[in-house]
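The values are calculated or read from the model by the stated rules, or taken from the named source; none is laboratory data. Because the structure is a prediction, the values reported are computed rather than measured. All Cβ positions, glycine included, derive from the backbone under ideal geometry; neighbour counts span all protein chains shown. Keep in mind that these areas ignore ligands, DNA and RNA; they rest on the heavy atoms of the full protein, side chains included. Shrake-Rupley method; radii C 1.70, N 1.55, O 1.52, S 1.80 Å.
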Amino acid sequence: MLQQTQVAAVIPYYERWLERFPDFATLARAQEAEVLHAWQGLGYYARARNLHAAGKHMMEKFGGELPADVAEIAQLPGVGRYTAGAIASFAFDLPAPIVDANIARVLARLTNYQEPIDCAAGQSHLWTTAAALTPPRGARVYNSAVMELGALVCLPRQPRCGECPVRAHCRAENPALLPIKKARRKTVFLTERHAFHIRRDQILLEQSRVRWRGMWILPRLSAAPPRAPLFQLDFPFTHHRVTLAVFDRMGRSRPNENQKWFPLAALTELPVPTPHRRALGELLPAACLTKC
């Protein structure tokens, strides 16, 4: 959950998740729709699907007991080098290096690394350095300390060098200019058009097959109708800026194979991505006064 999401936003989701899926067995038995519903609001839903797959993997391969081995943890779906190292060091106190954004900044400055850290050579330098510095014992405390050093002292724009406990070992001549990163990709602007179609106490939804795969969204429109949208919302998605435009559906509609009519009362139990749930929250109260 902490990948791509801040701690403050994660805490309530984490608590609700553990209440709903307290162990690997419960998670493995759940339907994908249940998992996506519990995750909605956090975004990057591939993480939820990977976590679901990891729960099944844990039950099939390890009987629901997480192995205290970095290589085996790294075999779990969706678990990369950083996550495997974090689990191994924090859960089992194994001497596993980790490199997150805070640690990368600390290590780049300590070594005065003058190349982009977000390329193959840069990543190799950071991980090699992290492995060399990770102690054979107490890695849990060490990794946590370096993360906190980056979060509280070795700040991105205004590093508090006067308070740094490892200042004597830092080689950076101008810490504020490090780390170096490749130029950002240009933002791509997209407009996505969807239909709002209700009848009595039902609404037509479409199960997404692309982004938000498996979740329910307002039906897609191939072209913009010759009228103003009922609702419009901008939201970011990776390197894109998406405008969600929702139009009133005119005339009768025959659902295709990916679409289905749902009772309005069922909406709370369906996995719906945040932009579309916000659109529903804005449009349903007024529409129900006349159509429900």
With the contact rule set at Cα under 8 Å and sequence spacing of 6 or more, what percent relative contact order holds for region 1-143? 17
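Which value in deg cm²/dmol, rounded to the nearest 500, describes the helix-derived mean residue ellipticity at 222 nm for the chain, given -39,500 (n - 2.57) per DSSP H run of n ≥ 4 and division by the residue count?
Rounded to the nearest 500, it is -12000 deg cm²/dmol.
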Between the modelled labels at Thr268 and Arg16 (7 Å from Cα along Cα→Cβ) the distance in nm is 1.2
Separation of the Arg209 and Gln123 label points, Cα + 7 Å toward Cβ, nm: 3.2
For an R0 of 35 angstrom, estimate the FRET efficiency from the Cβ-Cβ distance between Arg29 and Arg220 and round to the nearest 0.05. 0.60
Give me the number: length gained by fully extending Val7 to Arg81, i.e. 0.36 nm times residue separation minus the C-alpha to C-alpha distance, one decimal in nm. 24.6 nm
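Find the Cα radius of gyration of the chain, compare it with 2.2 N^0.38 Å by division, and give the number to two decimals. Don't skip to the end; give the middle numbers.
Details: Rg = 23.6 Å, N = 292, 2.2 N^0.38 = 19.0 Å.
So the Cα radius of gyration is 1.24 times the expected 2.2 N^0.38 Å.
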Given a 1.4 Å probe and every protein chain left where it sits, what share in percent of the accessible area of region 235-286 is carbon and sulfur? 53
Distance between region 217-271 and region 129-143 - C-alpha centres, whole angstrom: 49
Distance in nm between Leu152 and Phe90 label points, each 7 Å along Cα→Cβ, equals 1.6
Inter-centroid distance (Cα atoms) of region 108-123 relative to region 78-100, Å: 20
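Over region 198-278, what is the relative contact order in percent, taking alpha-carbon pairs closer than 8 angstrom and at least six residues apart?
Answer for region 198-278 is 38 percent.
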As I understand it, the value is the acute angle between the Cα axis of helix 120-133 and the longest principal axis of the Cα atoms of the chain; what does it come to in degrees, rounded to 10? 50
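Give, as a single signed number, the net charge of other residues whose beta carbon lies under 15 Å from the beta carbon of Lys182, with Lys and Arg counted +1 and Asp and Glu -1.
Combined, the nearby Lys, Arg, Asp and Glu give +2.
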How large is the accessible surface of Ile11 in square angstrom, using a 1.4 angstrom probe and rounding to the nearest 10? 80
Accessible solvent surface per residue of region 1-54, calculated while the other protein chains remain in place, 1.4 angstrom probe, Å²: 57
Residue separation between Arg167 and Leu190 times 0.36 nm, minus their alpha-carbon distance, gives in nm 3.7 nm
On the formula 1/(1 + (r/R0)^6), with r taken between the Cβ atoms of Ile180 and Ala145 and R0 of 30 Å, the FRET efficiency rounded to 0.05 is 0.75
If each K or R counts +1 and each D or E counts -1, the residues other than Gly80 whose Cβ falls under 13 Å of its Cβ total +1
Let me know the shape class of region 87-164, please: from the alpha-carbon gyration tensor, a ≥ b ≥ c as square roots of the eigenvalues, rounded when a/c is under 1.5, otherwise prolate if a/b is greater than b/c, or oblate. oblate
Mean separation of Cα contacts under 8 Å (6+ apart) over length of the chain, as relative contact order %: 15
Accessible area (Å², per residue) of region 160-226, counting only protein heavy atoms and a probe of 1.4 Å: 69
Pop out the carbon and sulfur fraction of the accessible area of region 97-215 as a percent, whole number, probe 1.4 Å. 53
In region 12-83, what percent of the accessible surface is made up of carbon and sulfur (1.4 Å probe, ligands and nucleic acids excluded)? 51
